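Here is the structure we will look at, set down as structure tokens.
Each value in this text was obtained by applying a stated rule to the coordinates, not by laboratory testing. Just so you know, these numbers come straight off a predicted model, no measurement behind them. Cβ placement follows ideal geometry from the backbone for every residue including glycine, while neighbour counts extend to all protein chains displayed.
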Amino acid sequence: MTIFGESAGGGAVMSVMLVPQAEGLFHGAIAQSNWINGWDRPLAEAARGWEAAESQGLRVAAALGIAGNTDEALAAMRAASAADVLAASNADAGSPFMRTGNVWAPNVDGWVIPDDPLAMYRAGRQHAVPLITGLNGNEGSLMTRGMDIPDAAAFEDYVRSVYPELADEMVAHYDASSPGAAKAAIDKVIHDLFFAGPVRAHAESQAAAGAQTWLYHFTHVPPTPWGADLGSHHAAELVYVFGTLTRREEGGERPLGLTPVGDYTDTDTALSATMRGYWVQFAATGNPNRGGLPPWPVFDPETDRHLELSSAIRPGTGVDTGGAALWEALEANRRGGQ
């Protein structure tokens with residue numbers, strides 16, 4: 001069996017690969033645009049910039065009028081409705097880009113996730129099954145639409161307030177100086193620190209554990225309103241993976257931005273067919289390659305090869321190495337320079 005997911009689902013796949021009790025329950029994994037904010041939060045103590053997960057539970061309980069951590073308090077929490085628990089949590093919801101407030105995510109409980117997930121991957125303690133992982137060309141653009149970052153000064157203020165430990169390096173790395181560049185710069189920050197870093201770490205660690213790994217970079221810009229505004233945005237690949245492309249004249253308008261209606265052409269249809277071919281072949285055999293598909297090179301950290309998925313499907317090297325290095329530095333800083 002192959003497990004696969006995208007965004008939070010990709011992070012879930014990355015997490016399940018660490019669960020000891022999942023040994024032998026799946027034989028391949030596909031993690032698209034891995035999103036894992038919060039997965040390294042400890043259960044009972046503060047670490048790596050996170051408060052203890054139990055602190056969030058106590059805060060939600062207090063919002064429900066339940067005090068303490070007694071058996072009676074636990075029973076009252078279990079008796080609360082899901083709607084009430086969600087409302088209590090949302091009252092102090094954290095930003096997905098900050099390590100504050102209530103954040104729903106796996107946590108390091110010592111049993112399901114036994115230890116710091118990144119340390120586990122680096123030590124080869126994950127399930128060493130074949131893996132497909134990758135990311136899109138501009139993962140950040142969808143996430144930053146509500147941010148007010150109009151110029152270089154606002155960009156620098158954001159970076160220094162959110163990432164003080166690496167602010168100088170980030171201001172130097174991301175060019176926000178020219179007119180209109182601040183939006184592209186903040187897009188790239190989110191792209192690198194929440195997607196490129198985790199995706200590359202996943203690929204590198206899995207390959208180091210001896211599991212065959214294939215890395216992709218989906219750079220195709222979908223012919224949709226969101227594609228026009230956001231480029232090869234987060235989740236843009238989903239309709240290609242599932243083959244749900246719908247030409248505008250066939251389906252009319254849909255109410256949600258991530259629906260598949262667009263001005264699709266035969267190029268889009270061919271890309272979708274190729275991607276579905278890879279995904280299905282991998283699920284069946286543990287290798288995405290077969291006759292009739294462009295060869296997809298195995299990922300090796302030394303050669304750093306990936307497959308670009310766009311109107312032209314071709315191998316490449318070195319996707320997002322600079323941004324991923326910043327993520328690595330940030331994560332090392334949060335672990336005391338380890």
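Set against the 2.2 N^0.38 Å expectation for a compact globular protein, the range 164-300 has a Cα radius of gyration ratio of 1.27.
Counting only the Cα atoms, the range 1-48 fills a convex hull of 69 Å³ per residue. Here are labelled values, [x] 19.0; [y] 44.4; [z] 20.0, and one is the computed mean projected area of the Cα convex hull in nm² for what I pasted. Which one? From the options [x] 19.0; [y] 44.4; [z] 20.0, the structure gives [x].
Summarising the strand pairing of the chain, around 20 percent of its internal DSSP beta bridges are antiparallel. Could you grab the relative contact order for the range 42-104? Cα pairs under 8 Å, six or more apart, rounded to a whole percent. For the range 42-104, the relative contact order is 26 percent.
Here the label points at D109 and D304, each 7 Å from Cα along the C-beta direction, are separated by 3.9 nm in the simple model. With the simple model of a label 7 Å out from the Cα in the direction of the Cβ, A67 to A332 spans 4.8 nm.
For the range 42-104, the Kirkwood estimate of the hydrodynamic radius, built from every pair of different alpha carbons, is 12.2 Å. In percent, rounded to a whole number, the relative contact order of the chain is 17, using alpha-carbon pairs under 8 Å and six or more apart. For D151 and T100, a Förster radius of 41 Å and the Cβ-Cβ distance give a FRET efficiency of 0.95, rounded to the nearest 0.05. First measure r as the distance between the Cβ atoms of A273 and E169, then evaluate 1/(1 + (r/R0)^6) with R0 = 41 Å and state the FRET efficiency to the nearest 0.05. The computed FRET efficiency comes out at 0.45. Taking every C-alpha pair closer than 8 Å and separated by at least 6 residues, the mean separation divided by the residue count of the range 99-243 gives a relative contact order of 36 percent. If R0 is taken as 30 Å, the Cβ-Cβ distance between L74 and Q21 corresponds to a FRET efficiency of 0.80.
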